[in-house]
Amino acid sequence: MYRSFLSVAFMAAALALSAQLSVHRVWVLNEGRFDYMTQTQEVPVSLGAYDPSTGAYQHVLTLSGPRFGNDLEVKDAVVYVAADDQLLKIDADSHMILAQVTVPGIRRIALWNDQVLLTRGELGGLSHYFEARQQADLALIYELAPGNGPDHASEDVQVVGDEAYIAINNGFDWPNYTGQIGVVDLPTGTYVNEIDLGPNGKNPERIFEANGDLFVFNNKDFSGSSISRLAPAAATLHYTQDIALNSGCGASALVDGRIYYLEYALYQMGRFDISTGQVLDTLSSPLAPYAILQDSHNGVVYMTTTDFATSGELHVTDELGNVLSTVAVGVSPGNMALDLRSSTAVADDAEQKRMALYPNPAVDQVWLSGAEAGAWITVLDATGRRVQAMRTVPQDGPVLIDLAGLAPGSYTVQAGDGRTGRLQVVRP
């Protein structure tokens, strides 16, 4: 009996160790278009999802009422959305709204344990700028009023361990911007500290965590941008470094140790190397992204573009911004989040063994990611006949497969590690 118990325990531990996360979908929050001159909603806020395995985008939900969308987070097949004055909890599979509450001025959200943490900011001021709510029903747990919390409108919130770091910018009182990072002790719900980002660290917008430090992207007064580095444990500021003449709201992300940001003055993306504390380069990518998100599971970066009036696109790119595929989404896709699902090595679910193929449908070439470098890749037609075989190049990142010799139709792409993907080949 003791040996059987040990065997069961060992098997459970082995299964836990073999479990891994895969990207089920990429959720996209489209801000739509609100005309402030006429006070009319010309394009509603919407929520959609992109499937990396098929390259297809699905419109999921239209949000009636909110003038714009602010942020979204995904956890355990649930999507949390901040939109104008609403906080919503949505089932990621059924797309049903599970809970919805009114939160005037809601800006950005973060998840910690069973709580939704959120910042607030609005023209004219609010009674408080940070609060915590239950994930189960979005009921209020506590709020931090000025004096016991941020004194000004706040933007991003980043959780590190049991502390929340808040970007305090006074962003609705132009040009009286401020620049502090507030610290909340989450187990006690108390405001414990503020870290001043200095005269060039005004208007902090995004906070990233890497290598035990925090990196803050600041928009200053929109005539230039800076990045601050601070040590959260010691609550000290290492530096605030000017990086750009002008940048874009929200168009910044941490990708493999570099902060990508849109440089409006050049209409190109710049990259800041966090290891050196200096601007690394400016990319030659044709994109001027509105939002950026890294997908390290598939070895790609997602970037969105929009004309802010009638259209929006999601681009799958490599780390240099070279476009691998593009799909139409909603207007002003300003925020994205990965829907990660766990899988185990012994599972027999094809969903857990999929590869990502871009674009899909494909014409002459397709990018493949998710297979091990050096593995054999086999392409099977609809009857199961092998029509193409190749060995992937021994490198990380997407692999380009030539489809020029294949007839239009449906194919299955298999890797030697058991991963598969469905591919549709078309001809113009």
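Of note:
- When the P(r) is computed for the chain, the part past 34 Å accounts for 36% of the Cα-Cα pairs.
- In the stretch 355-425, Rg over Rh equals 0.92, where Rg is the alpha-carbon radius of gyration and Rh the Kirkwood radius from pairwise Cα distances.
- Couplings 3J(HN,Hα) of the stretch 22-30, computed from phi: 10, 7, 6, 8, 10, 8, 10, 9, 8 Hz, in residue order, whole Hz [Karplus 6.51 cos²θ - 1.76 cosθ + 1.60, θ = phi - 60°; x for Gly and Pro].
- Within the listed set Trp376, Trp174, Trp367, the Gaussian network model of the chain (springs between alpha-carbon atoms below 10 Å) gives the highest mean-square fluctuation for Trp174.
- Cα shape, the stretch 251-376, gyration tensor, a/c 1.5 rule: prolate
- Around the amide H of Gly171, modelled in the peptide plane, lie the amide H atoms of Ala153, all under 5 Å away and 5 or more residues distant in sequence or on another chain.
- Two-decimal ratio, the stretch 155-216, of alpha-carbon radius of gyration to 2.2 N^0.38 Å: 1.11
- According to the Cα-based calculation, Rg over Rh for the stretch 43-85 is 1.00, with Rh computed by the Kirkwood formula.
- Spherically averaged projected area in nm², based on the convex hull that wraps the Cα atoms of the stretch 98-174: 5.0 nm²
- Per-residue Karplus couplings for the stretch 62-76, computed as 6.51 cos²θ - 1.76 cosθ + 1.60 with θ equal to phi - 60°, are listed in order as 9, 9, 7, x, x, 7, 7, x, 10, 6, 8, 9, 10, 8, 6 Hz, Gly and Pro entered as x.
- The calculated 222 nm mean residue ellipticity attributable to helices in the chain amounts to -1500 deg cm²/dmol, summing -39500 (n - 2.57) over DSSP H runs of n ≥ 4 and dividing by all residues.
- Placing dummy labels 7 Å off each Cα toward the beta-carbon, the span from Val387 to Glu122 is 5.7 nm.
- Here the Karplus relation 6.51 cos²θ - 1.76 cosθ + 1.60, evaluated at θ = phi - 60°, turns the backbone of the stretch 119-128 into coupling constants of 9, 9, x, 6, 4, x, x, 9, 6, 7 Hz, with x for every Gly and Pro.
- Principal semi-axes of the equivalent ellipsoid, √(5λ) from the alpha carbon gyration tensor of the stretch 235-313, are 23, 16, 12 Å from largest down.
- Prolate/oblate/rounded label for the stretch 76-116 (Cα gyration tensor, a/c 1.5): oblate
No lab work stands behind these numbers, since they all come straight from the coordinates. Keep in mind the model is a prediction, meaning the values are calculated, not measured. Quick reminder, even Gly has a Cβ in these numbers, built from the backbone with ideal geometry, and neighbours come from all protein chains shown.
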